[in-house]
1. Want the number for LEU70 to LEU4: 0.36 nm per residue separation, take away the alpha-carbon distance, what's left?
2. Quick one: 3J(HN,Hα) in Hz for region 55-62, Karplus 6.51/-1.76/1.60 with θ = phi - 60°, rounded, Gly and Pro as x.
3. Full-extension gain between TYR57 and LEU33, please, as 0.36 nm times their residue separation minus the C-alpha to C-alpha distance.
4. With θ set to phi - 60°, apply the Karplus curve 6.51 cos²θ - 1.76 cosθ + 1.60 along region 27-32 and write out the HN-Hα couplings as whole Hz, x wherever there is a Gly or Pro.
5. Can you list the residues, at least 5 places off or on another chain, whose amide H is less than 5 Å from the amide H of ARG10, using H built in the peptide plane?
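Laboratory data are not the source of any read-out in this text; all were calculated from the coordinates shown. Values in this document were obtained by computation on a predicted structure and should not be read as measured data.
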Amino acid sequence: MARLLNLLTRRTVLDKHYLVHIPYWYSARRWILEILNRLSVHGASSPDRLPGPDNMYYVFARCAESDVKLT
């Protein structure tokens, strides 16, 4: 949703593409996204739930050896 809403405002950011510039849209877009983030379909999201348990297991297993070297 954020990517779609971003197409309606021009910002001075590297590699920013937009379809049309609507003045003052950036503030409205931020408000809309904050509301949508609070209306989570699956309840409150935690960092562990977002990628899913299988993907989290893969990440932890892949990084385990290098994590030990860092500590």
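1. Value of the extension gain: 19.8 nm.
2. 5, 5, 4, 4, 5, 5, 5, 5
3. Separation in residues times 0.36 nm, less the Cα-Cα distance, equals 5.6 nm.
4. Going residue by residue, I get 5, 5, 4, 4, 5, 4 Hz, with x marking Gly and Pro.
5. ILE22
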